[in-house]
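Structure first, then comments.
Just so it is clear, none of the values below were taken in a lab; they were calculated from the coordinates. All values reported here derive from a predicted model rather than from experimental measurement. Don't worry about glycine lacking a Cβ; one is built from the backbone with ideal geometry, like all the others, and counts go over all protein chains shown.
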Amino acid sequence: MIRGTMVERCGMELRELDARGGIMTMPVAGNTQPAGLLHGGATIALAESIASFAAMLQAREVHGEGAQAVGTSVSALHHRSARSGTVTATCTVRHAGRQVASYLVDVHDESGALLSTVTVQTMLLPSR
């Protein structure tokens, strides 16, 4: 499911997952912008990845095996950045329906400081 994807290229690791949310980590090293800070796009990719995995499970609970979830909206607020270590994305469901699931993802550094707050909305698709 993650081989050959951005999840693999960015070094993301899934720690916990269910349809209600989950936890995913990512190293700062290799995911920085030229100034040496964690790239905002990498942070958003981490948040969207964990939310999409949770939404896929929600889609399969609602529509059965083979159902998928696709992102329809991502909105991020970056509060601060990180220069090293590992960042952790904690995803929590805000709405889980039959067609749409929305998640709030908080991204923290190793000290627990809040780096970014990201909302992700997904559409749940039955298998074709």
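A few remarks follow.
- Test for I23: is it assigned to a helix (DSSP H, G or I) and out of contact with any Leu (no Cβ under 7 Å at 6 or more places or on another chain): no
- Search result, residues across segment 40-96 that are buried (at least 19 other Cβ atoms within 10 Å of the Cβ) and among the acidic types (D, E): E48
- Looking only at segment 93-128, and only at residues there that are β-branched (V, I, T) and touching a helix residue (DSSP H, G or I) at 6+ places or on another chain (Cβ under 8 Å), the one that is farthest from H79 (Cα to Cα): T122
- Only one of the listed residues (E48, E13, E61) is among the charged types (D, E, K, R), closer than 17 Å to A101 by Cα, touching a residue at least 12 places away in the same chain (Cβ under 8 Å) and touching a strand residue (DSSP E or B) at 6+ places or on another chain (Cβ under 8 Å). That residue is E48.
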